[in-house]
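The values are calculated or read from the model by the stated rules, or taken from the named source; none is laboratory data. Everything quoted here is computed from the prediction, not taken from an experiment. Positions of Cβ are generated from backbone atoms using ideal geometry, with glycine treated the same way; all protein chains shown enter the neighbour counts. Quick note on the areas: whole protein, heavy atoms, side chains included, nothing else; ligands and nucleic acids left out. Shrake-Rupley method; radii C 1.70, N 1.55, O 1.52, S 1.80 Å.
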Amino acid sequence: MPKQDRVIVFDTTLRDGEQSPGASLNIDEKKAAARQLAELGVDVIEAGFPVSSPGDFEAVKSIAKDVRGPEICGLARAVKGDIEACWNAVKHSKRPRIHTFIATSDLHIEQKLRMTRQQVLDRAVDSVRFAARLTDNVEFSAEDAVRSDFDYLCQVIESVIDAGARTVNIPDTVGYSIPSEWGDKIRRLVDRVPNIHKAVVSVHCHNDLGLGVANSLAAIQNGARQVECTVNGIGERAGNASLEEIVMALRTRKDLFHLTTGVNTKEIARASRLISKLTGIPVQPNKAVVGANAFAHSSGIHQDGVLKSRTTYEIMNPSDVGVEESALLLTARSGRNGVQNRLKHLGYSLTAPKLEALFAKFKLLADKKKYVFDDDLLTLLDEEGRDASAETYHLDYMSTTSGTGIVPTATVRLRKKDEVLQEASCGDGPVDAAYRAMAKITGLAPELKDYALHSVSSGTDAQGEVVVKVEAQGLVVSGKGTSTDIVEASAKAYLNALNKIVSSRAGGRPAVAKRGM
Ligand SMILES: [Zn+2]
């Protein structure tokens, strides 16, 4: 029997989890997942339902052969053929387990099984007895226990323990229970079943009302010492109780539960990513523990708090679950502290006036796009550096019109010291029209040698960075411009190049070596 202060983590990602619509895995994928689950330190891997298909049989068998550490378990209905198929697959493991089940609620007995309570009781006992002849590590599940008659449920549990079950699983198969009620039911079952001490009480909670984890924890507080769960909480319908949430709740609130698991929590993030990738089921950003935002702070107040003391807004250390670090997402709500901290992280420390100037640009950009990523910050820094290089012309205003059947036109206003210069032009497209308007203003019309556009960061609101190469009387210079609006980025790049021509003519350091001398 396990130590009373230890909870057994039974992972059914490869059985119940794989029953999620569209999540079926091939043998190699299942093996890769099983290896990661072993790294994660789960106690039992329910690798599949061997009788259900030759593929699943082979998958369970090969995991049993190759994956060391956890017990390898297969599922079987309370049917001789299922149990034999299950044993033939798991027997290759050093630590095999047979998990057999039958429903015990009147609803399932009458509507689904078309049997009587007595027939179900007999079938449960016979199956466990049969399995126990193959291995002493037999688990029995009373499917739909949550809606089963309590007295009958206790009778079935007592009988299967006598028949050799070493683990008795009490499932909330349809996610119907409420934590207080479920905890009380587990407590009453532990108190009522006379031979319960010969077995480990387990729970298997579905998440149809979003209470899978809460019900699992309530059951643990009332005597359950095995919990069945899945990585990312995937599973039938709304899924199963999530492994990472249960494990981190026990760990974070050790003061309340005084219980441990064998899980190496630092492997949680890796396991979550792998299962998401293999099943194609994305993890929602606000998912507890493993969601992309689980350790992301976007409001300035929170960022300020976290920078001063992480525990002001974090109850878990991200590195404890294998997440590199808290993410201070830079958004329109971020403050100077957050921006300065990120710059430091990128290796930049700006003087107060420089930070002020950059922060103003940051706010403008942050109002335009959801997140300001590191690349965006570096681009702002780059632009800040460029601005500081005494550019002659500054883009003050630009509007363009273009579209099908419309003459592309641009109106551009540049500032040159206190002078405001404005021109309009039409062109082949909005960018060409803007370039022509700028040529009218500056009197410079270099030849466009190259034009390149790439996105600075990700997302539909990513900044585009344009790099142009122009040539004017043998002088070839490049210009760079960035904006969430690519026409504006194109104009800025061109203007940056024009400014380089102006400053090189003014005797500034030529951008590149002269050609054709
Ligand atoms: Zn289930």
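The label point for residue 221 and the one for residue 257, both projected 7 Å from the Cα toward the Cβ, are 1.2 nm apart.
With the convex hull of the Cα atoms taken as the outline of segment 331-421, the averaged projected area works out to 7.9 nm². Over all orientations, segment 390-505 has a Cα convex hull whose mean projected area works out to 7.4 square nanometres.
Under a 5 Å amide H cut-off, with hydrogens placed 1.01 Å from N, residue 43 pairs with 9, 11 among residues at least 5 apart or on other chains.
Axis angle, to the nearest 10 degrees, between helix 27-40 and the longest C-alpha principal axis of the chain: 90 degrees. The angle between the Cα long axis of helix 268-279 and the longest principal axis of the Cα atoms of the chain comes to about 90 degrees, rounded to the nearest 10.
The heavy atoms of residue 484 present about 50 square angstrom of accessible area, all protein chains included, probe 1.4 Å.
For segment 150-298, the Cα-based Rg and Dmax, in that order, read 16.3, 56 Å. Per residue of the chain, the DSSP helices (runs of n ≥ 4 H) give a summed -39500 (n - 2.57) that works out to -12500 deg cm²/dmol at 222 nm.
Across segment 8-279, the relative contact order, built from alpha-carbon pairs under 8 Å that are at least six residues apart, equals 20 percent. Accessible surface for residue 440 stands near 120 Å², nearest 10, in the context of the full protein assembly shown (1.4 Å probe).
Rolling a 1.4 Å probe over the protein heavy atoms of segment 390-505, with every protein chain left in place, gives an accessible area that is 49 percent carbon and sulfur.
Mean sequence separation of contacting Cα pairs (under 8 Å, at least six apart), scaled by the length of the chain, corresponds to a relative contact order of 9 percent. Taking every alpha-carbon pair in the chain and binning the separations at 20 Å intervals from zero gives 20, 36, 22, 18, 5, 0 percent. A full extension of the chain between residue 382 and residue 357 corresponds to an added length of 7.7 nm, given 0.36 nm per residue minus the alpha carbon distance. Annotation for residue 344 and residue 188: the two label points, set 7 Å from Cα along the Cα-Cβ direction, are 5.7 nm apart. Measuring against 19 Å, Cα to Cα, the residue pairs 344/492; 449/492; 80/185; 361/480 contain 344/492; 80/185 as the ones spanning a longer distance.
Rounded to the nearest 10 degrees, the inclination of helix 374-388 to the longest alpha-carbon principal axis of the chain is 10 degrees.
Element breakdown for segment 201-242 at a 1.4 angstrom probe: carbon and sulfur atoms account for 48% of the accessible area.
Looking at the chain, the accessible area is 45 square angstrom per residue; that uses a 1.4 Å probe and ignores ligands, DNA and RNA. Among 469-479, 111-121, sorting by the average number of other beta carbon atoms lying within 10 angstrom of each residue, highest first, gives 469-479, 111-121. In this Cβ point-charge picture (+1 for Lys and Arg, -1 for Asp and Glu), the chain has a dipole of about 1240 debye about its Cα centre. Using the average count of surrounding beta-carbon atoms within 10 Å as a protection proxy, the listed peptides 151-157, 59-65, 445-451 rank, highest first, as 59-65, 151-157, 445-451.
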